[in-house]
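Report on the structure given below.
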Amino acid sequence: MKANEFLADWAYHYATHISVFHGNEEKVTLNDGVVNVKGSSNARYVPAVDLSDYQHKNPANGETIYVVTFNTKENLAAFEKDWKKFSEHRNVIVIFLNPKSKLDKKWTIHPYVHNKICDESALHTGLKALFSNVDSLKKADIEGLKL
């Protein structure tokens, strides 16, 4: 399975699970590699294998964008480098994922909120602490992942 397909399939299952868990009547669809959730909440799950190539999207009114990526050192570095762009939108959440991790499988961050409550001088240390809760995935191990 290709990396983008894996992230899209994972996001589809995750969004469906969240909808069922919260008892929401939501329609979860997967179209052109993007997961759309419509109902009590509106969301888009956008796969981004390499965060350095991510094209920032503005959430529509009332919509949340979930950027789903792999928990790699390269993605963490790209995220930190692009912190200002990620943190300027109130409804953008980033999910870092490693399905093979022996620790947690994912960590999630809401950059807008994080930017409001955390000291900028501690950003690097804080992101590394969050990153270390999930085993780092090597780029070579990404292709061929299965749900």
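Quick notes on this structure:
- Sorting the segments 137-145, 41-49, 86-94 by their mean number of nearby beta carbons within 10 angstrom, highest to lowest, gives 41-49, 86-94, 137-145.
- ³J(HN,Hα) computed for each position of the stretch 115-122 - Karplus, 6.51 cos²θ - 1.76 cosθ + 1.60, integer Hz, glycine/proline x: 5, 6, 9, 10, 6, 4, 5, 9
- Estimated [θ] at 222 nm from DSSP helical runs (n ≥ 4, -39500 (n - 2.57)) normalised by residues in the chain, nearest 500: -9500 deg cm²/dmol
- Residue of 119, 135, 50 that the Gaussian network model of the chain assigns the largest fluctuation, springs spanning Cα pairs under 10 Å: 119
- Fraction of beta bridges assigned by DSSP in the chain that are antiparallel (%, nearest 5): 50
- Sites matching GluC sites (Glu not before Pro) across the stretch 1-38 that sit in DSSP coil, with at most 13 neighbouring C-beta atoms within 10 Å: 25
- At least 15 Å along the helix axis (C-alpha) and Kyte average at least -0.5, DSSP helices within the chain: 3-21
Bear in mind these aren't lab numbers, they're just calculated from the coordinates by the rules spelled out. What you see is a predicted model, and the numbers here were worked out from it, not measured in a lab. Heads up, the Cβs are rebuilt from the backbone with ideal geometry, glycines too, and the neighbour counts pull from every protein chain shown.
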